[in-house]
Structure formats: structure tokens, C-alpha cells
Amino acid sequence: MNTLPENTLKTRVPQEEVERVVKPAPSRYRNEIAKYIVHRSLDCERCGKCLEVCTHGVHVRKPGFEYFGEPNHHLCIGPACAKNGHYCVAQCPKQALQIRENPMYRALGDCRWSADLILATWKMAETGEAPSDEYDFNYECGDSGGGFDKLRFKFPKQPPIKLDADQIDTSISLNKRKDGRPEIKIDVPWYGGGMSFGSVSNVTQLSKARAAVAWNTFTCTGEGGYMERMRPYDDHMITQVATGLFGVREETIQRVPIVEFKYAQGAKPGLGGHLLGDKNTPAVARMRETVLGISLFSPFPFHSVYSIEDHMKHIDWVKHVNRRALISTKVSTPTDVDMVAVGSYSAGTHIVHIDGGYGGTGAAPDIAKKNIAMPIEYAIGKVHNFLTDEGVRDKMTLIASGGIRSAHDIAKAIALGADGVVVGTAELVALGCVRCSLCASGRGCPRGIATTDPELCGKMDLDWGTQRLVNLYSAWRKTLVGILQRLGLRSVAELRGRTDLLMHLDYTNDIR
Amino acid sequence: MPEKYHIQTQPVPPRRPRIGKHGVVDWREDCARCHNCVKKACVYDRYKQEAEYIRNLSDVDALFFECMGCFSCVQNCTKGILCLSINPAYEKLGNKYWKPDIIKTTWVQAETAKIPVSGAGYRGPFSGHGFDSMWTDMSEIVRPTRDGIHGREYISTSVDIGRKPSYLSLNGTQPVAGLPPLVSLPMPLIIDLSSPAHTLPKLDAAIEQTAGDTGLIAIMDSSYRPMDEANLENIAFYLGPDSPPVPDAMLRKTRLVEIADGPAVAERIKEIKKIHPQIVAAIRVELTAAGIGRAIELAGLGEVEVIHVVADANGNELTAQKPRFLKDMLRQIHTTLIEKGIRDEITLMAGGGIALPEHMAKAIICGADLITINLPLLVALECHLCDSCRPGTPCPARLEKIDFKYAVGRMTNLIAAWHDQLIELMGAMGMREARRLRGDVGRAMFFENLEEETFGKLFGARKAGL
């Protein structure tokens, strides 16, 4: 991308490289939340047997000390250890040890993001690996009782063909139109969702951007404007043109390889973006060119778009301003989402991005989150099939989002018919989000992720944030490759639309 | 532009200590007394009033239950002596249908009159029972809105109650008979009778005032005498089989009356109309096994203008072993009336199981013209729905001690928040009028249909019993 076509970017800054290397990125908190807690009673004679048998480093006695310190509860795998002969509880000569499920565990997470899924995501972000089976985390799905959480892959006992991990291709192409615009490929079938400056901190945005560079994928500015500090990552940025048009200028459109029109978003379909007044800080107001401290509700819909023809005018405008840009159209999932997708294709879009109702990271009315538009699991197949029937499926990239939490969700979404996915909440969880939902107002996220409060922003460091996301992506890719190996598929593109490889726990699964 | 319907609100704080979802447990004996105590760093300053809370022993637990559940103090404490747990008192709120989350959000709306907004996406189950098994639709590029592009201020939530003739008989240019009376309400909500267990004189007066302040109608027992006769147009007397009569002069000042279903309802309506020809009469039909059939039968009677169908408090069919839910019963009644060609002539009010503002919109989509509620207003007064309302049992919400101004303020706030949320949903749907929302199942998606269209084709039949 060194030679740019005419009439696009006027000023280009040197692009930064970020290494795709997994390095440990432990929790930034002193105490990790553990699934099990280890209790040592006063009967302990400090013989050190527990220290000797435990292979997970749970028990701690500093050199030169007689007494044990606080155990590393989060490393304990619980009573499952009894199977492997390393169970400290059974081996303690004084029966002074007890292992119990942590009562605090119930307070973490929710139906969509179970505590297991959150802790497993933290482990991935820390180590770059999926947690070992010993920990017994169910991180393949949540507890929502439907959709992805009820879908499973039908893995054959033996893969039909034996493939090494390095033989498997996880890249996807974002431009299938063959219209002379760049053939952009990303190395993994996902990219980062739009989170505006204002809804999240600049450290969060930059961490996402740097991880996108490392993994040769993309992240999105959201609708809050384009920070100058993101310019060294322009080649991996998507900039959003949303109904509020905050910070949108021709110059920002010219910076990027992909421009996204956001017509709607899954967490609040049919409503515009929300940034509550408390989060409209001086820096945010400056970026968005608005009055400090007022709530910013983007309108819905684009009042310049009443039809596909109007949508085409939008696209033509951006294509003219930026001759190398691909166009993504982000819509939510109403009944006629399939018609919208085909209409969007005819208007000239390269990527149709459908955003289901159960995702979202920003502020949204609770009534909208649960009740408007269909979950993404229904929409993917509907759009995929309609595009196929209309004969344009292979000319359009279908990206799904709105509740994609793990590598398994990514694989399931692709098997249902998407080319790839967009992730948002999972990235925030990797950065330490506990899903307390308090990021919408006040000073924002108490964990320093989704806030622009100067004090809270200081809780997270850019290098750490970048590494956590690089690690998460690495763990996801390994898991995804593992799934493809077991299915005997050479590439993630081969998985697209392979619903025959899926089963649903609530169905008889007897259709051949 | 016509005057906009607006409900005046102001914050009304709770009387009782808040019951939060999370509580912090502090094992003080291991405290290192370090100078960088995490309590000082609480983003929400929850610990700052610790001494005050502890001095006031009656509210000592409130400190622990106002925790916002961010885990920051728990994860940063030098000695790891803080724990977070789900508050057992929170889990005891409500029942299987009126879940703690519903009680909590109702309390917040009654306090603030605001639409609840939060971050981090949806947290609940994929779908569920009753109203949780349907989604409302929204409009996108190819069909921006059904009614055109309009701002929220142009969305009308008004509905009309009464009989609407499907055609006019004219003698020359004049109608042969006068048009039947209609009652217009600014939003599709009526305050229903309080259940006998929750009837409190103070509550009735507050309900009367709330109906007056919001421009809505409250159904009150015929023995009730308003504190202010000016509120009579916001009262609909309920005439049960054994109810005492309402003085004629008082009845003439009301707009709507409700009559218990019975064999002689047509005659009863005629009697009332003799006293007050412009009154609209509703028939209350309990949704038992025979309820649906009875509602349809009544709709065919020329005298009947309004049918008020009522399920149990959880939205279920009454006295049935395998009860159907209100949404399904409404769809059946609505569809049958359409097939008979009389749907537009009858107003259908629906009550029972309406716990959240989305239930109001969904019940209307399923075929009701408007909905009736009572329990949400009780919850607005900090009721726990503990079902222990009996003499000698203390009420945890001290409902017997409510202050009139507090009660009116909280109930008004809740209604205002519901109204605003109805507009949010209608705005997303592209609907400009609540009247047009009725029975418009094209603006909704149902779980069973989506499952069949999506997964049924791929995976066969849905397993029995699910």
C-alpha cells in the first residue's frame, strides 16, 4: 500500500509495526478471581507435603519462611485434581486443607458471559493459550440457553484428512467484488468492532489498533472521531461514518483502507448511538466538536438515506473521496435483513456487516438490548442463503457480530454462513472487563477500559493492553485451527456455510 | 402542532434501604491497615459513608448492598480480605415471573423516571417464556420507517376506547344514529383494580391522584369515593356482581365503567347507558379456559364496546393445568375477531403479567388496544412482591406507612418512564401511532417462527417438551 491511487491520502504518516509475539501479560490486579479457594486450617504442621505434590503452584512458602503465604487460589484446578495423584487435600497428613468452590464465583458474569468464559478469556489474554482442560472451564459457550450456546460441531472420530496446523489457512478476503479496489486479506477471520473515543479510553482504542497491526487485521474507530494518535496504524483502521457524523472529515475518510457506514447497531437497533453527558469530557467534546457535558444521541436513521439509491449516493461519495477504500455497511438484524444485504450489494458495498442484538459495548437502553431485532444466529443463515439465491454470495463479504465471545462462536458463525466476524466485548473482557455494565454513565468504567476519566484511564498501560489482545488473538487462532484440523478443513473459507457440520442440542438432528 | 403529552416528574428517593444485587463482605480481622486502602479508591465512594452507616444500625446492611459489583476493591486489596457475593435479599425479591431484575429496574424507574441505560450489552438468556419469546422489529435502509421519517415528538401514543362502527348509515348527509362515545387516553395504559391483598385506603387515594396527574384512568371498586371530584373523569368504577351502586350523579362525571362478566351484561350496559349515555362500558372477562371463547362471544354482541381480558398476575391462563400465556391468548382472540370481521369495532384491553414497558408494546402487537397494570405500581412503592400481605405479618416495604406525595411521585415516575420507553420502541419500529401498532405482528418476530425457519430446516424437529 505504499503507492496510493490518485486523489486519496494527501498526508501519510509512517506506519508502526507491532510484533506478533506471545508474551506473558498477567492480570493488572493483585488478587485474581478464582474458581476454587483453598483453605488451610490451624491443624497444618507446615510439613510442606502440599508444596511437594501440587503441580500448579497453588501453595506458597517464601524461602526462609516457615509459614505458608496466601495460596494462589486461581491456579487451583479444584477437586478434579484427585484423579491425578497430586491432590493436596488427600495427601495432607493432618487433613488441614480444604478446597471449595469460591462463593464469589457466582457474582461474576451472566448468562451470556459466564464466569467460566470470563476467566478463560483472561487466561488466554495472559498466556496466549486456551486454558488447560484441567481447569474445567467451559469456554466453548455461555449459559444463555439458545443460539450459539446450543450449537455444537459434529466432529468425526478421526479427521477425514490429517493436516498440520501450519497447513491451515485462517485468512479471509474482504474484497470479493473484483472492482479494481485493493484485494485486502486479513490473517484471521475477525476484526475489532467500532468503539468510539468517549465510549472507551484512548489506551483501549490504541491497544485494539496495535493488536490489529500485529495480526494483520483491522479495528474500527467507532463514530467518535479519528484520534491523531491512531495515525501510525492507519493501514489497519476502519473509520466509521455514522448518523452523528462526529469528527468525520474528508481527510479522515482518506486515511483508511476501509470505511464503514453504520446504519444501526445491534445493542440499540433503530436508535442512534448514545454517549451520556458525564462521559462527554473536554477531550471527547473537542474530538466530536460538540458542547462539553451534554449527552450525545446520534439520530436514527441517516436522514439523507431513505432508500437503497440514497445509500448508493453515500457509497459513491466515499468511493470518490477515497479511491482505494473498501466500503463496509453495518446494519442490525430486522426481519428484512436479507433484503438490506442484497440492496447494499447493489449499492456497491464490499462488506455487509450484520450486527445482532445480543452484543454491543456502549451505552444502550435496557429495553433495546433485549427486545429489538433478531439475534445474530438467526440472521447469518438468512442473509447467507438469500445472497446465495440472488447469485451474489461470492461477490460480497458477510461479517457477523453481536454476541461473538470465543473462537468457537467464530467457527459457528462461519459455519452458519458468515465469512468472518467482528468482536468487541471479548476484547474488553481480555483487558479486564467484568461486565458490571457501569460503563454507560458517570466517570465510566471503574476498571479503566471504557472511560475517558483521566484518573481511571491511568489504570491501564498501552503495552499491557496490546499484549493482552495479541495473546487473545493467538489463543483464538490456535483454537480455530484445532477445530479446522478436527474437521479436516484446510482453510476457514472452506468452513463457510457448512451447516452440515453443526448440530443443535434442542433438535433431533436427523436431517441428512 | 398539537399539545404534546408530557408527564411532569421529579426524583423520588426510596424510603427503605436499597437492596442491591451485590454485597461486599469484609473480613476485618486480617486487615493490614495499609495506607493505600482500596476502600479509599472506590470509584463510587461506597466506603466513604461507612462510619455513618455503621452509626445508623437500622441501615447497617445498606453499605454492603450499594456495591456496584466492579470487583476493583476485591481484586486490589493488599490482603485479599474483601469478597463480593450476590445479595441473598436481592435473590429473594419477587418470584419466578417477577424476577429480581424486574423489581430492581422498576424501583430505579420509579425513583428517577428515566429510561434505564447501561453498557456492556445484553446479559440475559437467549429467549424465555411469554413475552421473552418475541422480539420487536426495526426499520433499516430499504424501509426506513413504515410511517415515514419523523422525530420522536411526532410519535403519538394515544388510543381510543369504545365501539367503532365499521360503516356509517346515512340519511342524506346525516348519520342515522349518533356515533358511539369514545374515550381517548394519551397512552395505552389503564391502572387496574388492586388485588384484595394489596388494597390500602392510602394507596387508592394515591392511585386516583396518579391517574389524574397522568391523564390516564384508574379502575376503582364501586365503593370508592374520590377525594377530589375533579378526578372522576380519571376513574372507571368497577361494578362487580355484589358491588354497591355508584350514585348516578357521580357516574355521570366518569367516562368509563367496568362491569363484571355475567349472563345479563347487555342489560346492565343498557341500564348504565340510560343514566349516562356518553359513558363507555367495558366488560371484565377473566382468562380461564372459557375466557377466550367468552371474549369472542361478547364481541359479537352489539351492546358491548370494550372487553377487558385479565390473566393471572404472571400472565397465565387462570385455573388451567397447562396454562397458556397472555400473548398467545391475545393473538387467538385478535385473530378470531379479524376472521369474524369485527376486530375494529371492539376495544380490547389486556391485563395480567404486564411487568415491563416492553410487555406493553408486545401485548399491543399481539392484539390488545391497550394494557392494564397494577402490580408494577405497587412495586414502584418498593413492594418486594413477597406475597406475605396478611394481618400480623410485617410488610418489608412498610406499605401501610406510605406518604401520599411519595406514592404519587413514584407511580407517576414509573408511568412516565414506561411512556418514554414505548416511544423508544415505536421509534425503532418506525411506527408513528400506538393505534397502528395493535395486532401488527409484522413488526415482531416470534421465537418459534425464527427457530423453525432457521434451525428447523437444518436440524429437524425440536425435541418434545422444550
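Listing for the model above:
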item	result
First in the range A:140-152 and more than 7 Å from chain B (Cβ to nearest Cβ), second anywhere and in a helix (DSSP H, G or I) and of a type outside the set (D, E, K, R), Cβ under 7 Å, 6 or more apart	A:Glu140/A:His408; A:Cys141/A:Phe148; A:Cys141/A:His408; A:Gly142/A:Leu117
Selected residue [open to solvent by 30 Å² or more (accessible area, probe 1.4 Å), in a helix (DSSP H, G or I) and at the interface with another protein chain (Cβ under 9 Å from one of its Cβ atoms)] from A:Asp500, A:Asp463	A:Asp500
Matching entry among A:Arg435, A:Arg477, A:Arg486 (being charged (D, E, K, R) and either within 9 Å of chain B (Cβ to nearest Cβ) or crowded, with 24+ Cβ neighbours inside 10 Å (or both))	A:Arg435
Residue ID - farthest from the other protein chains (Cβ to nearest Cβ), chosen from residues in the range A:417-432 that are part of a helix (DSSP H, G or I) and open to solvent by less than 10 Å² (accessible area, probe 1.4 Å)	A:Ala430
Looking only at the range B:139-168, and only at residues there that are within 25 Å of B:Ile283 (Cβ to Cβ), at pLDDT 85 or above and assigned to a loop (DSSP other than H, G, I, E, B), the one that is farthest from the other protein chains (Cβ to nearest Cβ)	B:Pro165
From A:Ser196, A:Ser207, residue being within 17 Å of the chain's Cα centre (by Cα), of a type in the set (S, T, N, Q), open to solvent by 10 Å² or more (accessible area, probe 1.4 Å) and under 18 Å from A:Asp234 (Cβ atoms)	A:Ser196
Per-region count, the range A:241-261, residues within 19 Å of A:Lys208 (Cα to Cα) and open to solvent by 10 Å² or more (accessible area, probe 1.4 Å)	0
Members of the range A:321-346 found to be among the polar types (S, T, N, Q), buried (at least 20 other Cβ atoms within 10 Å of the Cβ) and over 19 Å from A:Phe218 (Cα atoms), listed by number	A:Ser332, A:Thr333, A:Thr335, A:Ser344
Which numbered condition A:Gln265 fails, given (1) more than 17 Å from A:Thr361 (Cα to Cα); (2) among the polar types (S, T, N, Q); (3) within 12 Å of another protein chain (Cβ to nearest Cβ)	(1)
Those residues of the range A:80-114 which are within 14 Å of chain B (Cβ to nearest Cβ) and either touching a residue at least 12 places away in the same chain (Cβ under 8 Å) or more than 36 Å from the chain's Cα centre (by Cα) (or both), in sequence order	A:Arg100, A:Glu101, A:Asn102, A:Met104, A:Tyr105, A:Leu108, A:Gly109, A:Asp110, A:Cys111, A:Arg112, A:Trp113, A:Ser114
Qualifying residue in the range B:207-217 (condition: under 21 Å from the mean Cα position of the chain (by Cα) and assigned to a loop (DSSP other than H, G, I, E, B))	yes
Cβ pairs under 7 Å, 6+ apart, first in the range B:329-341 and outside the structural domain of B:Lys164 (by TED's automatic domain parsing), second crowded, with 22+ Cβ neighbours inside 10 Å	none
Criterion violated by B:Gly442 - all others in (1) away from every other protein chain (no Cβ under 14 Å); (2) surrounded by fewer than 23 Cβ atoms within 10 Å (Cβ to Cβ) satisfied	(1)
Total residues in the range A:62-85, condition in a loop (DSSP other than H, G, I, E, B) and open to solvent by less than 70 Å² (accessible area, probe 1.4 Å)	7
Residue match in the range A:243-258 (condition: within 14 Å of another protein chain (Cβ to nearest Cβ) and not hydroxyl-bearing (Ser, Thr, Tyr))	no
Residue match in the range A:313-327 (condition: of a type in the set (A, V, I, L, M), touching a residue at least 60 places away in the same chain (Cβ under 8 Å) and within 30 Å of B:Leu422 (Cα to Cα))	no
Scope the range B:356-369; condition within 14 Å of chain A (Cβ to nearest Cβ) and either at pLDDT below 95 or in contact with a Leu (Cβ under 7 Å, 6 or more places away or on another chain) (or both); matching residues	B:Pro357, B:Glu358, B:Met360, B:Ala361, B:Ala363, B:Ile364, B:Ile365, B:Cys366
Single unsatisfied condition, B:Ser194 versus (1) open to solvent by 40 Å² or more (accessible area, probe 1.4 Å); (2) over 30 Å from B:Arg432 (Cα atoms); (3) hydroxyl-bearing (Ser, Thr, Tyr)	(1)
Single residue of A:Arg443, A:Arg447 found to be surrounded by fewer than 24 Cβ atoms within 10 Å (Cβ to Cβ) and either over 22 Å from A:Cys220 (Cα atoms) or at the interface with another protein chain (Cβ under 8 Å from one of its Cβ atoms) (or both)	A:Arg443
Selection from the range A:480-504 of residues that are more than 21 Å from A:Lys185 (Cβ to Cβ) and under 20 Å from the mean Cα position of the chain (by Cα)	A:Gly482
Strands (runs of 3 or more DSSP E) enclosed by the range A:302-412 - at least 3 residues per element that are away from every other protein chain (no Cβ under 12 Å)	A:326-331, A:397-401
All positions within the range A:294-320 that are open to solvent by 10 Å² or more (accessible area, probe 1.4 Å) and among the β-branched types (Val, Ile, Thr)	A:Ile294, A:Ile308
Residue count for the range B:241-257, restricted to those that are open to solvent by less than 50 Å² (accessible area, probe 1.4 Å) and free of Cβ contacts under 8 Å to residues at least 60 places away in the same chain	6
Total residues in the range B:114-135, condition on the phi > 0 side of the Ramachandran plot and either at pLDDT 95 or above or more than 8 Å from chain A (Cβ to nearest Cβ) (or both)	1
Enumerated strands (runs of 3 or more DSSP E) restricted to the range A:187-270, each holding at least 3 residues that are free of Cβ contacts under 8 Å to residues at least 12 places away in the same chain	none
Candidate set: the range A:503-512, residues that are assigned to a loop (DSSP other than H, G, I, E, B) and at the interface with chain B (Cβ under 9 Å from one of its Cβ atoms); chosen: the one most open to solvent (accessible area, probe 1.4 Å)	A:Asp510
Single unsatisfied condition, B:Leu414 versus (1) part of a loop (DSSP other than H, G, I, E, B); (2) open to solvent by less than 50 Å² (accessible area, probe 1.4 Å); (3) farther than 15 Å from B:Thr136 by Cβ; (4) touching a helix residue (DSSP H, G or I) at 6+ places or on another chain (Cβ under 7 Å)	(1)
Residues located in the range A:172-186, provided they are assigned to a loop (DSSP other than H, G, I, E, B) and open to solvent by less than 20 Å² (accessible area, probe 1.4 Å)	A:Leu174, A:Asn175, A:Ile184
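The values are calculated or read from the model by the stated rules, or taken from the named source; none is laboratory data. Here the structure is a predicted model, which means the values were calculated and not measured. We place every Cβ from the backbone using ideal geometry, glycine too, and count neighbours over all the protein chains shown. Each accessible area value is taken on the protein alone, full model and side chains, heavy atoms only, with ligands, DNA and RNA left out. Shrake-Rupley method; radii C 1.70, N 1.55, O 1.52, S 1.80 Å.
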